[in-house]
Amino acid sequence: MNTRRADVDDLALAVATAARHPAGRTTLESLLDTGDPRQWVTLDFGVRRLPWFWPADLPSMVWLEMAEPPPGEPVLAVALCHPDGRVRQAALERAAGVPALLPLVAVRCSDWVGPVRDVARALLRAGLAGAAPRTVALVAAVALRTAVRRHGAHAHDLLMEILESADAEVTDTLLDSRDPATRRLGHRIAVRRNLLSPARLARIAATDADVVVQDVCADAVLAHMKDGRHGELLEPLLRARAPRVRASGVTALHRTGRHDEATAFLADRAGIVRACARWVLRQRGADPLPRYRELCAGPSADVPPGAAAGLGECGTREDAALLLPLLAHPVARVRVRAVAALCALGTVDAERLRPLLDDPSAAVTREVSTALVSSGGRLPESCLWERLAADRPRHVRAAAFRLLATQRGIFQLRCCLTLLDDADHRLRAQARTAVLRWGPADAPTAYAALPADERARLDELIDRATPVLGEDKVRLLRFYLRAGHRS
């Protein structure tokens, strides 16, 4: 459960306090968000965390059985979550005919006490028979959350049985639910029962924010195109913002015989879409590589970022000549993709990429550091030392530190010790971690080879680091360096 413990206790205490004063006839709707399935599960868990709250007269089996008029919603809600199974069972019998409590009845269907489960399951089936669509959707959301419990399958299966034959109004309520799991279930059921037209499915796939709903609806659209007809359904998919949906639409171009249209997606911003476009063209026997070369060799201002990425994905080492000029492109996204493409082709030149460590775009410096780390490219120590200076932009310092991590030796130790009191808290933490893990095998030899003044400077840095690292780690560093035997 992701809900904070304080929130759990506050919710349970609010409902239990209202139950202490039944004369007020307070409704649950005034105490919790009854449309949120998480709050019902939270209430069930929270009430069991308040065993000290139960006075002798609230609520007991006798009170529930003899109370006149019938107890109100807060009292029954608290009793339905009571630690005593006999009280829960008695509360279920009094909760029959109270639609507002149906979500808690669904929770009790997974109760650890058999008789309580049996009563709850019978009550849930009867209650759902005439329940409003909004109530059915809410109970479905609760059942989805309790399905993972040991006895939680029954309520889930009952809801699935009801929803598979429910009218369109219930399904529409599921589709409009604010609970993601319920919306996903609603779309799966609607697709299985053919309740949504292919055109509506295409619109949902293209516009919905939930990636699971996008996939469900996009797959359903493609299923309607098994014979290659209904090509007009592809237009919303091809214009969709979500890469996976566009990829589905591009892949379907092969099915409809519209292979040439895949060319326009070769330089798409998403790798999955570019890969699908190349596949479609190859099914027709066309090679996408010449098109990528043409795009990257054209006027600099017309080169889309995806063209450089695509050339790196299917080009050869000789294509690096087309990518190198793009490292100076005025658009940062093109520079980023050019660096990534050079890395993919295995043509990373550390000296060529060094100026980009000072790029004003953080995305470019990150990509450069990634390319150099993955290719094993090493920059001079002076280059990294300069870029770790406090007056450099933070993204430049971060890239330099990442490259520093690949150069395990005395230089790395000196830099990290210097950064232990840096103004940037993230660099301080990273430097401390690096020092605590430091200990290359050749450290004594490298230390002994240092000039005397540099050894003295390193010893001074180690002494200053004692409050941060602790005396044990400082002694260990001296052991690694054989600092205890200075000449």
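Numbers at a glance
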| quantity | calculated |
| --- | --- |
| Selected residue (criterion: farthest from the chain's Cα centre (by Cα)) from residues of region 343-392 that are under 25 Å from residue 428 (Cα atoms) and among the polar types (S, T, N, Q) | 382 |
| Tally of residues being modelled with pLDDT of 90 or more and among the hydrophobic types (A, V, I, L, M, F, W, C) across region 386-412 | 9 |
| From 480, 447, residue being hydroxyl-bearing (Ser, Thr, Tyr) and surrounded by fewer than 17 Cβ atoms within 10 Å (Cβ to Cβ) | 480 |
| Hits in region 162-186 (condition: within 22 Å of the chain's Cα centre (by Cα) and among the β-branched types (Val, Ile, Thr)) | 182 |
| The listed residue being of a type in the set (Lys, Arg), out of contact with any Ser or Thr (no Cβ under 8 Å at 6 or more places or on another chain) and at pLDDT below 95, out of 378, 352 | 352 |
| Residue 247 being of a type in the set (A, V, I, L, M) and either exposed (fewer than 14 other Cβ atoms within 10 Å of the Cβ) or farther than 30 Å from residue 330 by Cα (or both) | no |
| Any hit, region 426-442, residues being in contact with a Gly (Cβ under 7 Å, 6 or more places away or on another chain), surrounded by 13 or more Cβ atoms within 10 Å (Cβ to Cβ) and over 30 Å from residue 366 (Cβ atoms) | no |
| Contacts under 7 angstrom Cβ, first residue in region 36-54 being under 21 Å from residue 140 (Cα atoms), partner among the hydroxyl-bearing types (Ser, Thr, Tyr) and modelled with pLDDT of 85 or more, 6 or more apart | 41/146 |
| Looking only at region 169-228, and only at residues there that are touching a Pro at 6+ places or on another chain (Cβ under 7 Å) and not assigned by TED's automatic domain parsing to the domain that holds residue 240, the one that is farthest from residue 38 (Cα to Cα) | 169 |
| Residue in region 415-437 that is modelled with pLDDT of 90 or more and under 27 Å from residue 322 (Cβ atoms) present | no |
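The values are calculated or read from the model by the stated rules, or taken from the named source; none is laboratory data. Every value quoted in this text rests on a predicted model; they were computed, and no experiment measured them. Quick reminder, even Gly has a Cβ in these numbers, built from the backbone with ideal geometry, and neighbours come from all protein chains shown.
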